[in-house]
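Worksheet for the structure shown next.
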Amino acid sequence: MDKSMMKGVVIGGIAAAAVAASGITGYRVMNKPQFAEVLAVKEVKQTITTPREDCQDVQVQKQAPVKDENRIAGTVAGGVAGGLLGSLVGGGKGKTIATVAGAAAGGYAGNQVQKDMQRKDVMTTTERRCKTVNETSQKQLGYDVTYRLAGKQDVIRMAHDPGAQIPVKDGQLQISPPAAKP
C-alpha cells in the first residue's frame, strides 16, 4: 500500500466516522420529544370572602316622653267629674257621701285613662341599622396540568390552559403563556 492510498483510507475513515457521528446526533435530536402529552387539566380557584357593611333606614316607633308621670291632670279631671256626678245623687249627708265617693272613683278612673293614653302615645323616628354581610368571589389561581413526557407522568401548575400538548425544548417544558394574537 502506498502512501496516497493510506491517506485516502485514513481520510475516508475519518469522514465515515464524522458522518456516522452526525447521523447518531441527528437521530437523537429527532427522537427527543418535542411535546408533552396533556392528560388532564384542572382549574384552580380560590374563594375570597370580603366583608362589607349593609345599612338601611328603618321606621321605629317609640313611646313618646311622658310629661305628667304622676298623672295628676287625669286624676284631678276625673275627681272633678266624679264629684259633680256624685253631687247629683241623693240628698243631705247622702249627697255629701256620694260627692266624695264620686270624686274618689272619678279620680282613680281619670288616672287610669291618662295612664292608658300615655302608653298609646308613640312617636315614629327613622333609625339607620347596619349589619356586616360577607360577599364571596372566586379568584383564578391557575391550572393543575397532568402530563406525560418520555413515559413519565407528572403534574405542574400553569398560568394558562395548555391545550392537548405542552411544547418541550431540550427536555424542558416550555410553560410560558402563548403570545397574544394581534
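Return a yes/no flag: does the stretch 98-106 have any residue that is modelled with pLDDT under 80, in contact with a Lys or Arg (Cβ under 8 Å, 6 or more places away or on another chain), over 30 Å from residue 35 (Cα atoms) and outside any loop (DSSP other than H, G, I, E, B).
No, there is no match, as no residue in the stretch 98-106 is modelled with pLDDT under 80, in contact with a Lys or Arg (Cβ under 8 Å, 6 or more places away or on another chain), over 30 Å from residue 35 (Cα atoms) and outside any loop (DSSP other than H, G, I, E, B).
If you go through the stretch 67-89 one residue at a time, do you hit one that is touching a residue at least 12 places away in the same chain (Cβ under 8 Å), part of a strand (DSSP E or B) and over 30 Å from residue 39 (Cβ atoms)?
No, every residue in the stretch 67-89 fails to be touching a residue at least 12 places away in the same chain (Cβ under 8 Å), part of a strand (DSSP E or B) and over 30 Å from residue 39 (Cβ atoms).
Identify, please: which residue in the stretch 78-125 is among the polar types (S, T, N, Q) and over 60 Å from the mean Cα position of the chain (by Cα) and is, among those, surrounded by the fewest Cβ atoms within 10 Å (Cβ to Cβ)?
This residue is 96.
Given the structure, is residue 129 among the charged types (D, E, K, R) and modelled with pLDDT of 80 or more? If you could, list the steps in order and put the result at the bottom.
Details: among the charged types (D, E, K, R): yes; modelled with pLDDT of 80 or more: yes.
Here the answer is yes, as residue 129 does meet what is asked.
Are any of the residues in the stretch 42-53 touching a Cys at 6+ places or on another chain (Cβ under 7 Å), touching a residue at least 12 places away in the same chain (Cβ under 8 Å) and in a strand (DSSP E or B)?
Here is the first cut: in the stretch 42-53, the ones touching a Cys at 6+ places or on another chain (Cβ under 7 Å) are 53.
Remaining after also requiring touching a residue at least 12 places away in the same chain (Cβ under 8 Å): 53.
From the residues that got through so far, the ones that are in a strand (DSSP E or B) too are 53.
Yes, there is a match, as at least one residue in the stretch 42-53 is touching a Cys at 6+ places or on another chain (Cβ under 7 Å), touching a residue at least 12 places away in the same chain (Cβ under 8 Å) and in a strand (DSSP E or B).
Looking only at residues in the stretch 134-182 that are aliphatic (A, V, I, L, M) and surrounded by fewer than 10 Cβ atoms within 10 Å (Cβ to Cβ), which one is farthest from residue 57 (Cα to Cα)?
Within the stretch 134-182, the first condition is being aliphatic (A, V, I, L, M), and the residues that meet it are 141, 145, 149-150, 155-156, 158-159, 164, 166, 168, 173, 175, 179-180.
Among the residues that remain, those that are also surrounded by fewer than 10 Cβ atoms within 10 Å (Cβ to Cβ) are: 150, 164, 179-180.
Working: 150: 67, 164: 56, 179: 52, 180: 50 Å.
Looking at the filtered set, the residue picked out is 150.
Looking only at the stretch 49-61, which residues are in contact with an Asp or Glu (Cβ under 9 Å, 6 or more places away or on another chain) and among the hydrophobic types (A, V, I, L, M, F, W, C)?
Listed by number, the residues that qualify are 58, 60.
The values are calculated or read from the model by the stated rules, or taken from the named source; none is laboratory data. The structure presented is a predicted model; accordingly, all values stated were derived computationally and were not measured. Virtual Cβ from ideal backbone geometry, glycine too; neighbours counted across all protein chains shown.
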